[in-house]
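Before any comments, here is the structure.
The values are calculated or read from the model by the stated rules, or taken from the named source; none is laboratory data. Keep in mind the model is a prediction, meaning the values are calculated, not measured. Cβ coordinates were reconstructed from backbone atoms using ideal geometry, including for glycine residues, and neighbour counts include every protein chain displayed.
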There are 2 protein chains.
Amino acid sequence: MRIGELAAATGTTTKTLRFYEDAGLLHPAGRTPAGYREYGQDAVARLDFIRRGRAASLTLAQIREVLDVRDQGHAPCRHVEDLLATRLRALDAQIADLQELRATVAQLHDAARGGDPDTCGAEQVCRYL
Amino acid sequence: MRIGELAAATGTTTKTLRFYEDAGLLHPAGRTPAGYREYGQDAVARLDFIRRGRAASLTLAQIREVLDVRDQGHAPCRHVEDLLATRLRALDAQIADLQELRATVAQLHDAARGGDPDTCGAEQVCRYL
DNA sequence: CTGGACCTTCCAGTGCAGGGGAAGGTCAAG
DNA sequence: CTTGACCTTCCCCTGCACTGGAAGGTCCAG
C-alpha cells in the first residue's frame with residue numbers, strides 16, 4: 001500500500017509517516033518505479049505499536065529503542081517492563097509536583113478571593129501573588 | 001544598578017533580563033552614556049513579582065497581562081484572582097489526566113511484570129504494550 | 001489531453017522560556 | 001598599557017512531535 005493508505009489505515013498523516021521514517025521508527029520504505037513509498041502489513045503492526053507506546057506517554061526515542069531491540073531479533077519484553085516502570089515513577093513524581101503546585105495556587109487564590117482592590121499599595125505589583 | 005547586579009539580586013541571568021525586556025515584561029531600561037542598562041529598585045520588585053508568578057506556573061504572557069494592568073494604573077487584584085482560578089482549573093484537569101494515564105501505564109506494567117519472554121510471538125513487536 | 005488526486009523532496013515554523021556564543025565596546029585596577 | 005570583568009547587539013540552538021507550504025513528478029478517469 002502507498003503512504004496515504006497507510007496513514008488512513010493507522011489514523012495518522014503522511015507527514016507523520018515520513019517524519020517517523022526520518023526519525024528511525026520506520027524502516028526506509030520500498031519504492032515503486034516512480035519513487036512512491038510502498039508498505040506491507042508489517043508497517044501497520046509497527047505503527048499500531050508506536051501508537052500504543054504514545055498512548056502510554058512513551059517518547060518516540062523510547063519507542064524506537066524498543067523497536068531496535070525487536071529489530072535485532074530479541075524479545076523486548078524486559079526492556080518494555082523497565083521502560084514502563086521508569087515511566088510510572090516519572091508520572092508519580094510529576095503528579096506529586098503538580099499537586100504541590102496546586103496547593104500553592106489554591107492558597108494564593110483563597111487569599112485573593114475576598115481581597116479589596118482599594119487597599120492595594122502602589123509599591124508592589126500585587127500583594128496577592 | 002547594572003544588568004549583572006540586577007541578575008544577581010533577583011537570582012536570574014543577564015540573558016533572561018534582556019529576554020524579558022524583549023518580551024515586554026520589563027520596561028526598556030535607561031542607559032548610561034556608554035549604553036549600559038541602568039536599573040532602579042522598582043526593577044527588583046517587578047522581577048520578584050515575575051518570579052512569584054512563574055512559581056505559580058503562570059506563563060510569561062499571563063504575567064505580562066497583570067503587569068500591563070498595573071502599568072495602566074489599575075490594581076490588578078481582580079485580574080490576578082481570575083488568572084489563579086483559571087490556573088487552578090487547568091491544574092485539576094492536568095492532574096486528572098495524569099492520574100488516568102498513570103492507571104493505564106500501571107496496568108500495562110503489571111501485565112508485563114510476570115511475563116515470559118519466550119512466549120512472545122514474532123508477529124507483533126511486544127504483547128505487553 | 002487535461003484535471004485532480006496523489007506522491008516526492010526540501011525548507012521553515014509551531015510553543016515555551018530562555019541559553020550559547022561571536023564580535024566588539026567600556027571601565028577600573030595593576 | 002594591558003588585562004580581565006563587564007557590557008552591547010546579533011543570530012542561532014535547545015526539546016518534542018509534528019505541521020505547513022512550495023515546487024515539481026505520477027497516475028488515472030473522463
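Brief remarks follow.
- The residue list A:Ala61, A:Ala7 contains one member that is of a type outside the set (Ser, Thr, Tyr), loosely packed, with under 13 Cβ neighbours inside 10 Å and either part of a helix (DSSP H, G or I) or near DNA strand C (Cβ under 9 Å from one of its atoms) (or both), which is A:Ala61.
- Check on B:Leu60, closer than 30 Å to A:Gly114 by Cβ and within 16 Å of the chain's Cα centre (by Cα): yes
- Residue within the range B:87-100 that is facing chain A (nearest Cβ under 7 Å) and small (Gly, Ala, Ser) present: no
- Of all residues in the range B:13-58, those that are part of a loop (DSSP other than H, G, I, E, B) and either under 22 Å from A:Thr104 (Cα atoms) or more than 14 Å from DNA strand D (Cβ to nearest atom) (or both) total 6.
- Considering each residue of the range A:72-85 in turn, none proves to be of a type in the set (Lys, Arg), in a helix (DSSP H, G or I) and modelled with pLDDT of 90 or more.
- Test: residue in the range A:119-126 that is modelled with pLDDT under 90, touching a Cys at 6+ places or on another chain (Cβ under 7 Å) and closer than 30 Å to B:Asp48 by Cα: yes
- Restricting the first member to the range B:32-52 and to residues that are within 9 Å of chain A (Cβ to nearest Cβ) and away from DNA strand C (no atom under 13 Å from the Cβ), and the second to residues that are assigned to a helix (DSSP H, G or I) and at pLDDT 95 or above, the beta-carbon pairs closer than 7 Å and six or more apart or on different chains are B:Asp48/B:Thr10.
- Failed criterion for A:Val80 (all others in (1) within 16 Å of DNA strand C (Cβ to nearest atom); (2) under 26 Å from B:Leu98 (Cβ atoms) hold): (1)
- Single unsatisfied condition, A:Glu81 versus (1) crowded, with 18+ Cβ neighbours inside 10 Å; (2) under 16 Å from the mean Cα position of the chain (by Cα); (3) without any contact (Cβ under 8 Å) to a residue 40 or more places away in the chain: (2)
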